[in-house]
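Notes follow once the structure below has been shown.
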């Protein structure tokens, strides 16, 4: 005689396992220079400086005392939360009037307003003067 059919097993409370949500990724720190979520972005600051490049070049173009060849200038500055620049210094092997002009250009820059602490910056400027051919 055939064995009696077994009753189906009762489902266990832990099977099937409950669906689990994937853990949320860790919060990424803000992509700002000062770490504040509403602080300045590197792209925003770079865009302002790049827009000023023609004026910076004009400072060196206007100086007849800039030597032929490469002139390097380092401009250090601080950007305040209101977007104004302070503590601007221009150092390098350029004549004093050219350095002063570069400093004034940076002092006149207006960056986007932001929240948080001021941002220190440094901008290396390389200027190439070529020797002019004299007409014969």
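Which condition does residue 77 not pass, out of (1) in contact (Cβ under 8 Å) with a residue 60 or more places away in the chain; (2) under 23 Å from the mean Cα position of the chain (by Cα); (3) crowded, with 17+ Cβ neighbours inside 10 Å, if it passes all the others?
Condition not satisfied by residue 77: (1).
Here is a list: 94, 55. Which entry is surrounded by 12 or more Cβ atoms within 10 Å (Cβ to Cβ) and either touching a residue at least 60 places away in the same chain (Cβ under 8 Å) or not in a loop (DSSP other than H, G, I, E, B) (or both)?
Result of the check over 94, 55: 55.
Can you give me the number of residues within the range 97-117 that are surrounded by fewer than 17 Cβ atoms within 10 Å (Cβ to Cβ) and over 16 Å from residue 51 (Cα atoms)?
6
Looking at 70, 46, which one is exposed (fewer than 13 other Cβ atoms within 10 Å of the Cβ), at pLDDT below 95 and part of a helix (DSSP H, G or I)?
46
Would you check if there is a residue in the range 28-36 being loosely packed, with under 10 Cβ neighbours inside 10 Å and at pLDDT below 90?
As a first pass, look at the range 28-36 and keep what is loosely packed, with under 10 Cβ neighbours inside 10 Å: 28-29.
The next check asks that each one be at pLDDT below 90; those that pass are 28-29.
Looking through the range 28-36, at least one residue is loosely packed, with under 10 Cβ neighbours inside 10 Å and at pLDDT below 90.
Do we find that residue 89 is part of a helix (DSSP H, G or I), surrounded by 13 or more Cβ atoms within 10 Å (Cβ to Cβ) and either in contact with a strand residue (DSSP E or B) (Cβ under 6 Å, 6 or more places away or on another chain) or in contact (Cβ under 8 Å) with a residue 60 or more places away in the chain (or both) in this structure?
In short, no.
The values are calculated or read from the model by the stated rules, or taken from the named source; none is laboratory data. In this text the structure is predicted, and so the values were computed from the model without any measurement. For neighbour counting, all protein chains shown are included, and Cβ atoms are generated from backbone atoms with ideal geometry for every residue, glycine included.
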